[in-house]
1. Checking the a/c ratio against 1.5 first, then a/b against b/c, what shape does the Cα gyration tensor give for region 292-340?
2. Just want to confirm a number: the relative contact order over region 298-345, from Cα pairs under 8 angstrom separated by 6+ residues, in percent.
3. Given H placed 1.01 Å from N in the peptide plane, which residues other than close sequence neighbours of ARG262 have an amide H under 5 Å from its amide H?
4. Would you mind ranking MET1, MET16, MET289 by Cβ crowding within 10 Å, fewest neighbours first?
5. Quick one: what are the phi-derived ³J(HN,Hα) couplings along region 310-321, Karplus 6.51/-1.76/1.60 with θ = phi - 60°, whole Hz, x for glycine and proline?
6. Highest mean first, how do 25-31, 53-59, 294-300 rank when packing is the count of other Cβ atoms within 10 Å averaged over residues?
7. For the chain, what is the Kirkwood estimate of the hydrodynamic radius, computed as the reciprocal of the mean inverse distance between distinct Cα atoms, to one decimal in Å?
8. Compute the Kirkwood hydrodynamic radius of region 182-337, taking the inverse of the mean of 1/r over all pairs of distinct Cα atoms, and give it in Å to one decimal.
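What follows is calculated from the coordinates using simple rules that are stated; it is not laboratory data. All figures in this text were calculated on a predicted structure; none of them were measured in a lab. Cβ coordinates were reconstructed from backbone atoms using ideal geometry, including for glycine residues, and neighbour counts include every protein chain displayed.
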Amino acid sequence: MAIRIINVCGARPNFMKIAPLMDAYKSFPEIEPIIVHTGQHYDEKMSDLFFRQLGIPEPDINLGVGSASHAQQTAKIMETFEPVVLEYKPDYVLVVGDVNSTIACALVATKLGVKVIHVEAGLRSFDRTMPEEINRILTDSISDLLFVSEESGVVNLRKEGADEKRIHFVGNVMIDTLIKHRKRAEQTNVLETLNLEAKQYGLITLHRPANVDNEEKLKSILEGLGEISKDIPLIFAIHPRTKKNIEKFSLQNLLDSFPNIRLTEPFGYLEFLKLMANAKVVLTDSGGMQEETTILGTACMTLRENTERPSTITDGTNRLVNPWRDDIIAGWQELKENPPKADRKPRLWDGQSAQRIAKIIVQHSKN
Ligand code: UD1
């Protein structure tokens with residue numbers, strides 16, 4: 001009997017998690033996958049390019065919700081997703097990560113009596129001011145199958161009283177994608193295009209509301225990065241939210257005073273993977289990049305006070321740095337004196353996670 005699964009994606013970090021699942025389903029002919037793109041991210045460079053590079057099939061449905069406040073965006077996704085679930089009558093709705101599309105679709109599904117699968121369950125920053133933390137806690141609490149990427153997630157879910165039968169430690173699907181595409185990424189000519197030498201530059205991304213929506217903090221972070229740029233050129237792949245706020249807070253002049261920080265548009269997956277692999281340091285507030293740099297063996301300074309991905313520190317190349325000027329400068333000095341060793345990796349980050357997930361779903365559907 002067919003197992004119909006609606007796979008939800010909406011924002012950039014979701015696409016590299018859905019891609020390996022679509023591949024893994026091919027080994028299980030009984031699985032009938034449907035892709036729903038909510039349209040949370042919609043720019044060519046934030047969405048379509050990723051589908052093409054990662055070979056994800058065209059979405060069967062695009063809800064086209066676009067940007068709005070959290071309540072409006074979540075509500076709009078729910079309103080437009082409900083008729084899709086009613087029409088397609090799936091056995092499961094699978095959501096990934098921690099974005100607004102994740103919780104919105106999980107909530108619709110569970111209220112219609114459809115089983116919910118959460119990929120990347122159990123991660124906790126214990127910081128409830130982060131929108132993603134709320135999305136994680138709520139999604140996990142209503143999911144039937146919890147697929148966990150690192151061991152801390154299992155501990156967190158147990159502490160919250162999740163039934164043991166729901167919890168499956170399978171490793172990290174985003175690393176499946178990295179391993180699959182690493183060679184292809186190396187073949188891109190992004191370093192030549194940007195005139196960069198391997199290990200002679202740093203790479204910046206910033207987009208967390210806590211960092212970029214606050215004028216004083218964003219200014220202080222840019223000042224810290226500016227000091228580092230006196231040591232090493234920095235490529236700053238700018239997110240639409242950050243770009244808007246730099247304009248809003250009139251920080252362009254400050255940035256212009258650091259000629260060694262080069263602003264660029266967001267990159268495609270392959271180009272960005274090559275940039276991360278060859279950087280001397282990555283400076284970021286992204287969740288996923290903490291994991292990717294750990295597998296690539298690239299030093300990562302995470303400009304946050306906490307991380308929901310502690311294995312990247314204990315078993316990887318990541319360290320937390322307070323997102324303020326002086327701490328960023330001190331963090332860079334420390335990193336130069338004591339660069340991370342790249343001789344460990346978190347368990348089950350081996351390129352096989354999506355296969356494990358597909359197999360468990362098939363078993364679950366028989367119960
Ligand atoms: C969202 C996720 C965040 C994830 C990030 C990756 C939530 C709560 N947040 O944050 O967890 O790490 O995606 O990028 O779901 N915009 C564009 N073009 C686009 C998309 C967005 O210009 O294709 C602009 C819009 O003006 C929008 C702003 O960026 O208001 C922010 O987009 P939004 O999806 O609300 O949140 P992100 O900051 O991208």
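1. oblate
2. Details: 51 pairs, mean separation 20.3, N = 48.
For region 298-345, the relative contact order is 42 percent.
3. LEU234, ILE235, PHE236
4. On the way: MET1 7, MET16 27, MET289 24.
Exposure proxy ranking, most exposed first: MET1, MET289, MET16.
5. For region 310-321, the Karplus curve yields x, 5, 6, 8, 6, 10, x, 10, 9, 9, 8, 9 Hz.
6. On the way: 25-31: 14.4, 53-59: 16.3, 294-300: 23.1.
The most tightly packed comes first, giving 294-300, 53-59, 25-31.
7. With all distinct Cα pairs of the chain included, I get 20.9 Å.
8. Values: mean 1/r = 0.0645 Å⁻¹.
About 15.5 Å, per the Kirkwood formula over Cα pairs.
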